[in-house]
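Participant: Dropping a structure here in structure tokens format, bear with me for questions.
The values are calculated or read from the model by the stated rules, or taken from the named source; none is laboratory data. Since the structure is predicted, the reported quantities are computational estimates derived from the model, not experimental observations. Using ideal geometry, Cβ is built from the backbone for each residue, glycine included, and neighbour counts are taken over all protein chains shown. Just the protein is used for accessible areas: all its heavy atoms, side chains included, with ligands, DNA and RNA removed. Shrake-Rupley method; radii C 1.70, N 1.55, O 1.52, S 1.80 Å.
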Amino acid sequence: MSNFTVLAVGDVVGRAGCDYLSAGGRLRKMRDTLGADFVIVNGENSAKNNGITRETAELIYEAGADVITGGNHTFKQYNIGAYLDEKENVLRPANYPSDVPGCGYCVVPASGKRVLVINLLGTTFMEPLDSPFKCAEHILCTMRGKYDISVIDFHAEATSEKLCLARYLDGRVGAVFGTHTHVRTADAQVLPGGTGYITDVGMTGSENGVLGVKTECIIHKFTKRTPVFFEPAEGNASAGGAVFTFDGESGKCIGAESISF
């Protein structure tokens with residue numbers, strides 16, 4: 001049975017990040033080059049001043065994403081709730097309270113496989129949400145037998161929490177990739193039980209600022225300690241991501257690689 005490949009792309013920052021994926025069909029070309037069967041893009045910073053909007057989500061979809069994941073800024077744009085309820089492939093972290101708009105996981109068919117994508121938010125130095133460990137357990141139990149490949153976007157601050165979740169679920173999910181820090185890490189690997197892992201896939205946007213934001217905004221934040229509007233940096237854009245290859249029969253990961261494009 002043929003292998004199955006997933007491309008995970010890091011946090012899209014602002015319109016510059018959206019445009020970078022779209023320009024010249026860049027994401028679709030990378031998908032073709034890699035032979036990727038499925039693409040997941042984190043879009044929780046794609047809107048102006050963080051969050052995601054209907055417009056930026058559609059731009060990411062048109063660029064070639066199958067599922068868009070979120071994070072701690074998902075609800076920064078206050079009117080996003082109706083769109084999250086409408087679009088089952090645009091996720092918010094599953095460990096938010098169950099009565100908030102949207103859903104934290106979905107199953108999408110691709111290349112003859114059913115792909116379960118779960119979005120979770122870390123709780124160390126982050127929002128005091130439900131335990132991502134217990135939430136993952138609940139979803140995997142609920143969805144047992146309804147998917148072939150499973151991938152988790154773990155949007156978290158602490159590297160230890162990310163790796164701990166991956167090791168906790170090793171052999172029970174296909175891959176866990178980290179987002180949020182906007183810095184692509186060098187630890188792409190396959191854990192002993194067959195779960196692919198990387199601490200952070202990086203970001204998609206300008207590298208001329210600080211983590212995709214204009215340098216002067218971040219300097220203001222650190223030196224003045226007062227609120228500041230985070231304006232996306234411009235120019236010198238790139239995209240960070242990871243490629244996971246799964247055995248088509250077992251659903252276990254057999255290859256994990258960090259990439260930028």
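Participant: Take the conditions polar (S, T, N, Q) and closer than 24 Å to Ser131 by Cβ and apply them to Thr74. Does it pass?
Facilitator: Taking the combined requirement at face value, the residue satisfies it.
Participant: Being more than 20 Å from Asn49 (Cα to Cα) and touching a helix residue (DSSP H, G or I) at 6+ places or on another chain (Cβ under 6 Å) is the filter here, so list the residues in segment 8-26 that pass it.
Facilitator: Result: Ser22, single match.
Participant: On to the next question. Which of the residues spanning segment 76-115 are at positive phi and polar (S, T, N, Q)?
Facilitator: Of everything in segment 76-115, just one residue is at positive phi and polar (S, T, N, Q), namely Ser111.
Participant: Also, quick follow-up: Can you spot a residue in segment 210-221 that is in contact (Cβ under 8 Å) with a residue 24 or more places away in the chain and among the acidic types (Asp, Glu)?
Facilitator: As a first pass, look at segment 210-221 and keep what is in contact (Cβ under 8 Å) with a residue 24 or more places away in the chain: 211-213.
Remaining after also requiring among the acidic types (Asp, Glu): none.
Checking segment 210-221: not a single residue is in contact (Cβ under 8 Å) with a residue 24 or more places away in the chain and among the acidic types (Asp, Glu).
Participant: Just for strands (runs of 3 or more DSSP E) wholly inside segment 88-187: which have at least 1 residues that are open to solvent by 20 Å² or more (accessible area, probe 1.4 Å) and not aromatic (Phe, Trp, Tyr)? Walk me through how you get there before you give the answer.
Facilitator: Working: elements: 105-110, 113-121, 149-155, 175-179.
Per the criteria, 105-110, 113-121.
Participant: Does segment 65-85 include one or more residues that are open to solvent by 50 Å² or more (accessible area, probe 1.4 Å), free of Cβ contacts under 8 Å to residues at least 24 places away in the same chain, among the aromatic types (Phe, Trp, Tyr) and out of contact with any helix residue (DSSP H, G or I) (no Cβ under 7 Å at 6 or more places or on another chain)?
Facilitator: Yes: one or more hits.
Participant: While we're looking at this one, here's another question. Of the residues Ala47, Ala57, which is closer than 23 Å to Arg26 by Cα, open to solvent by less than 10 Å² (accessible area, probe 1.4 Å) and not in a helix (DSSP H, G or I)?
Facilitator: Ala47
Participant: Now a separate question. Considering only residues of segment 1-32 that are outside any helix (DSSP H, G or I) and among the polar types (S, T, N, Q), which is farthest from Ala65 (Cα to Cα)? Give the derivation first.
Facilitator: Looking only at segment 1-32, we keep the residues that are outside any helix (DSSP H, G or I), and these are 1-13.
Subsequent filtering for residues that are among the polar types (S, T, N, Q) retains 2-3, 5.
Working: Ser2: 22, Asn3: 20, Thr5: 14 Å.
The selected residue is Ser2.
Participant: Quick one: which of Ile219, Ile259 is open to solvent by 80 Å² or more (accessible area, probe 1.4 Å), outside any loop (DSSP other than H, G, I, E, B) and farther than 22 Å from Phe133 by Cβ?
Facilitator: From the options Ile219, Ile259, the qualifying one is Ile219.
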